[in-house]
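Accompanying notes for the structure given below.
The values are calculated or read from the model by the stated rules, or taken from the named source; none is laboratory data. Keep in mind it's a predicted model, so treat the numbers as computed, not measured. Quick reminder, even Gly has a Cβ in these numbers, built from the backbone with ideal geometry, and neighbours come from all protein chains shown.
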Amino acid sequence: MMSTGLKSGYSAALDSAVAAAELGEQLAVVQPRAITFFCSHRHDGAVLSASLRQQFPEAEVIGCTTAGEFTESRNGVNGVSAMAFGPQVLKRCAGALVRAGEGAEAGVKRAAQSLTRVFGDLRALSPDRFVGVVLVEGLRMKEEEINEALGNLAPLISFVGGSAGDNLEFKRTCVFYNGEQTDDGAALLLIEPAVPFKVTKSCSFRPTGKSWKVTRADVATRTIYELDGRPIAEVYAEAVGGTAQTLDSSVFMANPLGLVIDHKPWIRSPQQLLADGGLRFYCQVLPGMEIHLMQSTDLVKETHQALAAATTELGGTLRGGLAFNCILRRLELDAKDLHGTFYQGFRGSQTAGFHTYGESWLGHINQTLTALLFG
Amino acid sequence: MKSLSQIQRTLLSALGSQAMFSLVNTRLILRTGVDLASIVPAQDADAALVTKVLTALQAMGYSQQALNVVAQRGK
């Protein structure tokens, strides 16, 4: 088979050393300069990371734990998916591990020094030639801080990625870089592709026309208390046709709130109604923001349309890429038995991805498929 | 700078392209709730919002001083 410079891999092996060996065999064909891997939290990601680095010493290796892994042809919840980038698609790259224990901003600044050593001043890089991948630990609610810190250092560069998961156990998630790991930080990969690339964001929701101003919120805990001066539970329940007592995860999943930016929804997914009347979200909403009630559309159709549009923009051929799909979307695919149809959107390409605890692109977002695609 | 529309014009001029402006504007919206591409007329001269936006831009390396230089060049 002729190499396109991208190669996805998948292993269902439960032993991390065995999985790493299987992946190594699958990925070797492109002579990887960079590898991203996405593994079940039951795997020892540090072993995977170190073994892949040992097999491909020239490659930068980043990874994270997941809420499910997939490629264009395989998916599961206890395996590992991976993507190798060869010299045909990658001119240069640099990776780093952010340790956020002493603060996200300080951690990002320190990690970015590794990127600067390869690329020079990050602010001077053109967004048409450079793009980043960011895998963020998924339980400490530091995604906004980490994305903001990246934005402060390189405001014009897109860092695309997702928050690590642990398949809905909500106990511990990790990110990895060249054999190192942390459960409080992020893994970064900055690349200079040798082929056209595009960031695409698919979201199967549209605004209903109902919107409110956030008048009271606790930003640090991602909790909203009031919309237009009224208790959020009352306003939200009224809008979705229920009462505060009937609000549960199925209502939240089908009726998220969101910002509208450039005519497109940026979803903020409700997580749980708190005893103090607040509604906690999976990402931050600030006081003063206008927030819209969203209604769901066809997840698979929207995704396929977004991938088709991106393919057209990339010149008509989708070589492949990295895909970050929200866990709430996976749950919808589970409930409607749509996994098979969903992954058909990547058919013919080399794609690897995972189901996330949130996606990253210019900030932290929910309920999207956010992808970095190569033509 | 005393209005959001003034910041919008100056930032667009400083960045030099609509695509780059969109990237920075999206970051701004997520940080402040203010959309410089769709300014609410009643908020244009809101001093608190102007300060909030300038602070966010400064964090991204676009200081008021640098933006003012661009604004002066444009005159």
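Below are the figures for this structure:
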| item | result |
| --- | --- |
| Near pairs, Cβ below 9 angstrom, 6+ apart or cross-chain, from segment A:349-363 (away from chain B (no Cβ under 14 Å) and surrounded by fewer than 24 Cβ atoms within 10 Å (Cβ to Cβ)) to any residue that is in a strand (DSSP E or B) and of a type in the set (A, V, I, L, M, F, W, C) | A:S349/A:L6; A:S349/A:L373; A:S349/A:F374 |
| Selected residue (only one of A:D228, A:D262, A:D218 is of a type in the set (D, E, K, R), modelled with pLDDT under 95 and surrounded by fewer than 17 Cβ atoms within 10 Å (Cβ to Cβ)) | A:D262 |
| Within segment A:219-260, considering residues that are under 30 Å from the mean Cα position of the chain (by Cα) and among the small types (G, A, S), the one nearest to A:N366 (Cα to Cα) | A:G258 |
| Counted residues, segment A:24-55 - those being of a type outside the set (G, A, S), closer than 22 Å to A:G138 by Cβ and assigned to a helix (DSSP H, G or I) | 3 |
| All positions within segment B:22-52 that are among the β-branched types (V, I, T), in contact (Cβ under 8 Å) with a residue 12 or more places away in the chain and closer than 16 Å to A:E290 by Cβ | B:T32, B:V34, B:I39 |
| Contacts under 9 angstrom Cβ, first residue in segment A:144-171 being within 11 Å of chain B (Cβ to nearest Cβ) and without any contact (Cβ under 8 Å) to a residue 12 or more places away in the chain, partner of a type in the set (G, A, S) and in a helix (DSSP H, G or I), 6 or more apart | none |
| Listing of helices (runs of 4 or more DSSP H) fully contained in segment A:264-375 that carry 2 or more residues being over 25 Å from A:L139 (Cα atoms) | A:299-313, A:339-343 |
| Elements of type helices (runs of 4 or more DSSP H) contained in segment B:1-70, each with 2 or more residues being more than 13 Å from every other protein chain (Cβ to nearest Cβ) | B:4-15, B:47-59 |
| Selected residue [of a type in the set (A, V, I, L, M) and under 23 Å from A:Q295 (Cβ atoms)] from A:L331, A:L373 | A:L331 |
| Scope segment A:104-117; condition out of contact with any Lys or Arg (no Cβ under 6 Å at 6 or more places or on another chain), more than 14 Å from chain B (Cβ to nearest Cβ), surrounded by 14 or more Cβ atoms within 10 Å (Cβ to Cβ) and of a type outside the set (S, T, Y); matching residues | A:A106, A:R110, A:A111, A:L115 |
| Every residue from segment A:35-58 that is crowded, with 24+ Cβ neighbours inside 10 Å and more than 30 Å from A:D337 (Cα to Cα) | A:I35, A:L48, A:S49, A:L52 |
| A:I365 under 30 Å from A:D128 (Cβ atoms), under 13 Å from the mean Cα position of the chain (by Cα) and of a type outside the set (G, A, S) | yes |
